[in-house]
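Undergrad: I have a structure I would like to understand better, so I am pasting it below and will then ask my questions one at a time.
The values are calculated or read from the model by the stated rules, or taken from the named source; none is laboratory data. Source: prediction; values computed, not measured. FYI the Cβ positions are ideal-geometry reconstructions off the backbone, even for glycines, and counts take in every protein chain you see.
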């Protein structure tokens, strides 16, 4: 039995989809969620800077909260820093990219899989590399969807405007004849109804958030790190930005009251990889 909490972080609110899936799959686990909203968004930032942010947050979770596992619930950060973080920190680290790709490869029937994500994530080639790593004869069509995250952050998940944008942005994956669409950004499950309407009922949507939670549960079981309790775990939320905004929008998106949100202030010292 290991009573230490699980750490989860994202640049903002998208990682709440991962957190909610973890709450549901391993309800007895304590969780500390960090939303780095004070430095949001990560997408337009240089990859070196994103790596530094990811390292700083991971160090904070390990040293200040004593977490037993860290979930990088941000596609941009996972693509930029996950492998480096695994070299530096002696706790299991889980990203959102490989679990989602593995699930999509298993689900597809016609071997054509679409992946949608933020511009930086798609441009990094992380999903393409994850697809090659599966060594499966699957054709990936990757498509960036600028604007989706902004609609989620404003709480507009089913507006007419986001539906029109979806029809335009999803045209390449529809034209490719995919039968499976991987939501390669943790914000996108909040738009699942709209995306599903545009893609049609024959296309299966795969959430990287759900698949990441399954990976977390599997690691806890395999390593013996699970917390064996019938009670409900404690969930703490930390934001580097406006805590009132985080509490309001986070509660709405998560579907439950996040309670008091702790304020995290970075000390401004420049961090460097050793």
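Undergrad: Please report, ordered by residue number, the helices (runs of 4 or more DSSP H) entirely within the range 1-97 with at least 2 residues that are surrounded by 23 or more Cβ atoms within 10 Å (Cβ to Cβ), modelled with pLDDT of 95 or more and assigned by TED's automatic domain parsing to the domain that holds residue 216.
TA: Values: elements: 16-25, 47-65, 75-88.
Output list reads 16-25, 47-65.
Undergrad: Okay, next question. Just one of (1) over 21 Å from residue 12 (Cα atoms); (2) crowded, with 24+ Cβ neighbours inside 10 Å; (3) modelled with pLDDT under 90 trips up residue 208, so point out which.
TA: It is condition (1) that residue 208 fails.
Undergrad: Among the residues of the range 104-120, is any buried (at least 24 other Cβ atoms within 10 Å of the Cβ), assigned to a loop (DSSP other than H, G, I, E, B) and not assigned by TED's automatic domain parsing to the domain that holds residue 172?
TA: If we filter the range 104-120 for residues that are buried (at least 24 other Cβ atoms within 10 Å of the Cβ), which is where we start, we get 104, 113-118.
Next cut, assigned to a loop (DSSP other than H, G, I, E, B) only: 118.
This time we only want the ones that are not assigned by TED's automatic domain parsing to the domain that holds residue 172, so: none.
No, that holds for no residue.
Undergrad: Name the residues in the range 172-215 that are farther than 25 Å from residue 249 by Cβ and part of a helix (DSSP H, G or I), would you?
TA: 172, 173, 174, 175, 199, 214, 215, listed by residue number.
Undergrad: Another question about this same structure. Answer yes or no as to whether residue 158 is surrounded by fewer than 18 Cβ atoms within 10 Å (Cβ to Cβ), at pLDDT below 90 and more than 18 Å from the chain's Cα centre (by Cα). Explain how you work it out, then say what you get.
TA: Working: surrounded by fewer than 18 Cβ atoms within 10 Å (Cβ to Cβ): yes; at pLDDT below 90: yes; more than 18 Å from the chain's Cα centre (by Cα): yes.
When the stated conditions are applied, residue 158 passes them.
Undergrad: All but one of (1) closer than 28 Å to residue 120 by Cβ; (2) touching a strand residue (DSSP E or B) at 6+ places or on another chain (Cβ under 9 Å) hold for residue 234; state the number of the condition that does not hold.
TA: (1)
Undergrad: Consider residue 124 against the criteria (1) in contact (Cβ under 8 Å) with a residue 24 or more places away in the chain; (2) within 19 Å of residue 206 (Cβ to Cβ): it satisfies all of them except one. Which criterion is unmet?
TA: Every condition holds for residue 124 apart from (2).
Undergrad: Somewhere in the range 103-120, is a residue over 30 Å from residue 168 (Cβ atoms) and in contact (Cβ under 8 Å) with a residue 60 or more places away in the chain?
TA: Checking the range 103-120: not a single residue is over 30 Å from residue 168 (Cβ atoms) and in contact (Cβ under 8 Å) with a residue 60 or more places away in the chain.
Undergrad: For residue 239, state whether it is modelled with pLDDT of 90 or more, assigned by TED's automatic domain parsing to the domain that holds residue 23 and within 17 Å of residue 58 (Cα to Cα). Give the steps one after another, and end with the answer.
TA: Working: modelled with pLDDT of 90 or more: yes; assigned by TED's automatic domain parsing to the domain that holds residue 23: yes; within 17 Å of residue 58 (Cα to Cα): yes.
It is true that residue 239 is modelled with pLDDT of 90 or more, assigned by TED's automatic domain parsing to the domain that holds residue 23 and within 17 Å of residue 58 (Cα to Cα).
Undergrad: Working only within the range 134-171, note down all residues that are without any contact (Cβ under 8 Å) to a residue 40 or more places away in the chain, closer than 30 Å to residue 245 by Cβ and assigned to a loop (DSSP other than H, G, I, E, B).
TA: Listed by number, the residues that qualify are 146, 147, 154, 156, 157, 158, 159.
Undergrad: Just for the range 236-263: of the residues that are touching a helix residue (DSSP H, G or I) at 6+ places or on another chain (Cβ under 7 Å) and outside any loop (DSSP other than H, G, I, E, B), which one is surrounded by the fewest Cβ atoms within 10 Å (Cβ to Cβ)?
TA: 263
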